[in-house]
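To start, the structure under review is shown below, and the notes come after it.
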Amino acid sequence: MILIRPRLKNSSYPICVGCSLKDLGKGIQKFIFHLNRTPNKALLVTHPSIKNLYGSLIMKSLTHSKIKSSFAFFPEGEEYKNLKTVQLLYKKCIEAKLDRTSCIVALGGGVIGDTAGFVAATYLRGIPLIHVPTTLLAMVDSSIGGKVGVDLAEAKNSIGAFYQPALVWSDLETLKTLPKAELKNGMAEVIKYGVIKDPKLFEQLEKRISKNGQLTFNFSSIVARCAKIKADVISQDEKETKGLREILNFGHTLGHAIETETGYSAYKHGEAISIGMCAAGFIAEKFRMWSASENLRLSRILKSAGLPIRLKKTLPLKNLLTLLFRDKKVLSEDLRFVLPTQIGKVVVKKIPSALALQGIQSIEP
Ligand code: NAD
Ligand code: GLY
């Protein structure tokens, strides 16, 4: 098992990579001592299909550690990451009689983690949260860093909080049941880490992603490497107030707009940010911030990983532009994009709307 700890001012927590679901109960007993007590009750928030795969293993582990557990479900899909689901989950918290000595266990991908995390952050003004990510995307990104929240129909991730988990427990064995399309989805965030911070990772990915998109990796080292990058970034800028954490949003400005405009159902998150990264790469080339050849490396690797580099069909330019202005990086009504200057380095830059429009046009089908 690889143990990573972000260095945060008021809260730090273990990110365990390569541990086993069957040891979750023991892990909670061992690692959550900083809460002064081990939670005695857990609400496991998940999807029915994930419960069928891993529910009994986790339940057994928690029961063995004397943590009384029950399940709360909601349907799969980004379109359920909303306030209606949050309300449903609050009711489940009440029914399960959770109190401040209880915890919420988010068992699943980023949709489960973000939504259950928001419930944990707000129920009784906050009860401990344990992330048990089961998608590649959630292991490398969404379970780390404390961003929890849900979407509005009008804007993605617009309701939320910074609420750090007490523990992140990543069992890589769960990736074996993950559909291939979801692995590709997670690879978008992995590639993102290469572009924003880790040129060696990018090169390694270039070598390893074969032409037919076979993702044959030692996921243990990939997950640990990405988790470490994210932990380092949030250690320096926990609440995105110092300008550094924004780099994690490379590709997300337009990616989020695409997800919102298409009702959160036409593109997976990784697919949308893959297209968003291509648009950002194009804008950076226009600004002469990086070269055409580096931009080509970016689109080539995304394509090889089986990710889209263009929209499936044209979306209204005006709507996308309106949505760009709802991005959380907008300051004093200025659009700000994360743009690459070389593989492994990005900056945040104010850009004129006309250039953003060209960026959107560059990813049209
Ligand atoms: P997801 O949570 O929708 O999971 C994808 C699918 O995989 C679901 O249908 C799920 O049931 C299934 N699944 C999960 N684990 C499985 C397993 N082991 N075996 C078989 N099936 C499994 O999608 P995601 O890509 O994990 O997460 C995307 C979400 O994460 C988006 O809402 C995005 O905004 C959010 N996100 C948040 C952060 C953050 O910092 N909070 C960062 C990145 C992304
Ligand atoms: N996924 C962006 C962040 O955690 O800041």
(request) Output the residues belonging to segment 231-266 that are open to solvent by less than 20 Å² (accessible area, probe 1.4 Å) and outside any helix (DSSP H, G or I). (result) D237, F250, G251
(request) Give just the number: which of (1) open to solvent by 40 Å² or more (accessible area, probe 1.4 Å); (2) of a type in the set (V, I, T); (3) under 20 Å from the mean Cα position of the chain (by Cα) does V338 not satisfy? (result) (1)
(message) List pairs: first residue in segment 176-192 and in contact (Cβ under 8 Å) with a residue 40 or more places away in the chain, second residue open to solvent by less than 20 Å² (accessible area, probe 1.4 Å) and not in a helix (DSSP H, G or I) anywhere in the structure, Cβ distance under 7 angstrom, at least six positions apart or on different chains.
(response) K184/A305; K184/L307; M187/A305; M187/L307; A188/L307; I191/A305; K192/F250; K192/G251
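Quick grid of which residues meet (1) modelled with pLDDT under 90; (2) within 23 Å of L137 (Cβ to Cβ); (3) surrounded by fewer than 20 Cβ atoms within 10 Å (Cβ to Cβ):
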residue	(1), (2), (3)
K9	yes, no, yes
P14	no, yes, no
V17	no, yes, no
S20	no, yes, yes
K26	no, no, yes
R37	yes, no, yes
A42	no, no, no
N52	no, yes, yes
G55	no, yes, yes
(message) Would you confirm, using the coordinates I've provided, whether D232 is of a type in the set (D, E, K, R), over 26 Å from T174 (Cα atoms) and within 13 Å of ligand 2 (Cβ to nearest atom)?
(response) no
(request) For segment 145-184, name all the residues that are within 14 Å of ligand 2 (Cβ to nearest atom), among the aliphatic types (A, V, I, L, M) and within 14 Å of the chain's Cα centre (by Cα). (result) V148, V168
(message) Go through segment 140-168 and report how many residues are more than 8 Å from ligand 1 (Cβ to nearest atom), of a type outside the set (G, A, S) and either open to solvent by less than 10 Å² (accessible area, probe 1.4 Å) or assigned to a loop (DSSP other than H, G, I, E, B) (or both).
(response) 8
(message) Please go through (1) within 16 Å of ligand 2 (Cβ to nearest atom); (2) buried (at least 18 other Cβ atoms within 10 Å of the Cβ) for F217 and return the number of the only condition it doesn't satisfy.
(response) (1)
(request) For residues that are touching an Asp or Glu at 6+ places or on another chain (Cβ under 9 Å) and in a strand (DSSP E or B), scanning just segment 103-132, find the one that is nearest to L88 (Cα to Cα). (result) A106
(message) Here is a check on your reading of the model: is G110 open to solvent by less than 40 Å² (accessible area, probe 1.4 Å) and either within 16 Å of ligand 2 (Cβ to nearest atom) or without any contact (Cβ under 8 Å) to a residue 40 or more places away in the chain (or both)?
(response) yes
(message) Any residue that is touching a helix residue (DSSP H, G or I) at 6+ places or on another chain (Cβ under 7 Å), open to solvent by 10 Å² or more (accessible area, probe 1.4 Å), farther than 20 Å from L136 by Cα and within 16 Å of ligand 2 (Cβ to nearest atom) - is there at least one of those in segment 85-103?
(response) no
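The values are calculated or read from the model by the stated rules, or taken from the named source; none is laboratory data. These numbers come from a predicted model, not from an experiment. FYI the Cβ positions are ideal-geometry reconstructions off the backbone, even for glycines, and counts take in every protein chain you see. The protein model used for the area step is the full one, side chains on, heavy atoms only, and it has no ligands, DNA or RNA in it. Shrake-Rupley method; radii C 1.70, N 1.55, O 1.52, S 1.80 Å.
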